[in-house]
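The values are calculated or read from the model by the stated rules, or taken from the named source; none is laboratory data. Since we're looking at a predicted model, the values are computed, not measured. Virtual Cβ from ideal backbone geometry, glycine too; neighbours counted across all protein chains shown. We work out accessible area using only protein heavy atoms, side chains counted, and drop any ligands, DNA or RNA first. Shrake-Rupley method; radii C 1.70, N 1.55, O 1.52, S 1.80 Å.
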Amino acid sequence: MLSLPSVPRRVRTAVGALLLLAALTALVVLPRSDRGTAARQDGAPTRITDGDIPWPGEGQAAVTLEGSGQVLTHGAQRPVPIASLAKVMTAYVVLTGHPLRPGEEGPRIEVDRQAAHEAGVGGESTVVVTPGDRRTERELLHLLLLPSANNIARLLARWDAGSEEAFVRKMQRAAHDLGMRDTTYTDAGGIEPTTTSTAADQLKLAREAMRLPVLRDIVSTREATVPGVGRVANSNTLLGTSGVVGLKTGSTTPAGGNLLWAAKTDGTHLLLGAVLHQRAHTTPAEGLTAALEASRALIDGLRARPLSTGSEG
């Protein structure tokens, strides 16, 4: 039977000392209070300080600071007509199915007779287009989101899904996937009063929409020139003021005025907000003016407030 050679005493002593040192080192940890402070400094989100927020005097609203996990709401969060805010979902679904890289124009889409015939339909925002013209996906998205053309919303829906009805089902599936439980889409443009949502739900869409570079670029554009159509202006007149960089207006008589907005607080933070149902059942112009004014007051009030650092909850 083989026997292992004995280990010299000095080697055993050295090994024992090393093991003891390792055990003592493992026991040296930060005090609990220090570890908690480090965690808060490294991971705590920046948040909006609550209290005395200049909320609109009517309707409903919601705001969030991107990345904070915090959503502040005002007014009853019940579904109301949202008018052309629906077009943000239309653009989101189109770009999800047909993504564009920054600077890319995308495929050319033929203007059909229906889109041309619908131009100038009473009570709707539309743009004049010529049947047979072929406009790029990006050009049509400009017409959808800047002058808020309903005939272009329906054209994009038919191009993407074969029919507006099929496209609306895709819009509803996207809303479900984004957790927009109180949202119902019944048309691609938002002219139908049965297309409804809440301010809190619209923030969920705004967060995802602003992560699409092409959509973010278009909604921040004050005006654009589209071949065959000419110069078109963005209906969001807050752009370029109060840090506003998007997103979309919407107004009808049943919906009143609505604004889904994005605004910079400084070089690193993005505020997102939704103001719905302003001066409902008046005129679209009166409602939109009220939504823009209420949104400006809300944005300016939030941008003037100090941001806090704390845990989510």
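Shown for region 175-274: the carbon plus sulfur share of the solvent-accessible area, taken with all protein chains present and a 1.4 angstrom probe, equals 51%.
Summing Lys and Arg as +1 and Asp and Glu as -1 over all other residues whose Cβ lies under 9 Å from the Cβ of Val226 gives a net charge of +1.
Scalar couplings 3J(HN,Hα) for region 251-263, obtained by applying the Karplus form with A = 6.51, B = -1.76, C = 1.60 to θ = phi - 60°, are 7, 9, 4, x, 7, x, x, 9, 9, 9, 10, 9, 9 Hz; x denotes Gly and Pro. Sorting 90-97, 54-61, 278-285 by their mean Cβ neighbour count within 10 Å, with the most densely packed peptide first, gives 90-97, 54-61, 278-285. A prolate overall shape is assigned to region 41-182, the ratio a/c of its alpha-carbon gyration tensor axes (a ≥ b ≥ c) being 1.5 or greater and a/b exceeding b/c. For region 130-281, the solvent-accessible area works out to 34 Å² per residue, with a probe of 1.4 Å and every protein chain left in place. Available extension along the chain between Arg303 and Ala233 is 22.6 nm, counting 0.36 nm per residue and deducting the alpha carbon span.
Modelled spin labels at Thr225 and Thr49, positioned 7 Å past Cα toward Cβ, are 4.8 nm from each other. Taking label points 7 Å from Cα along the Cα-to-Cβ direction, Thr241 and Glu110 give a separation of 4.4 nm. How many nm is it between the label spots at His176 and Thr282, if each spot is 7 Å from the Cα in line with the beta carbon? For the pair His176/Thr282, the computed spacing is 3.9 nm.
If you take every residue apart from Gly246 with its C-beta less than 14 Å away from the C-beta of Gly246, what net charge results, scoring Lys and Arg +1 and Asp and Glu -1? Taking every Cβ under 14 Å from that of Gly246, the sum is +4. Counting only residues at least eight positions apart within a chain, or on another chain, the lysines with an alpha carbon under 26 Å from that of Lys170 are Lys87, Lys204, Lys248.
Of the solvent-accessible surface of region 58-115, computed with a 1.4 Å probe and all protein chains present, 49% belongs to carbon and sulfur. If a/c stays under 1.5 just call it rounded; otherwise compare a/b with b/c (prolate if a/b is bigger, oblate if not). Do that for region 175-244, with a ≥ b ≥ c from the square roots of the Cα gyration tensor eigenvalues. Prolate, because a/c is 1.5 or more and a/b exceeds b/c. Working ranking of peptides 133-142, 172-181, 248-257, 197-206 by packing, defined as the average number of other Cβ atoms within 10 Å per residue, highest first, is 248-257, 197-206, 133-142, 172-181. The Cβ shell under 12 Å around Ala280 holds other residues with a net charge of -1, Lys and Arg each +1, Asp and Glu each -1.
Computed extension gain for Ser163 through Thr130, at 0.36 nm per residue and net of the alpha carbon distance, reaches 9.9 nm. On the basis of the beta-carbon distance and an R0 of 35 Å, Asp266 and Val121 show a calculated FRET efficiency of 0.20.
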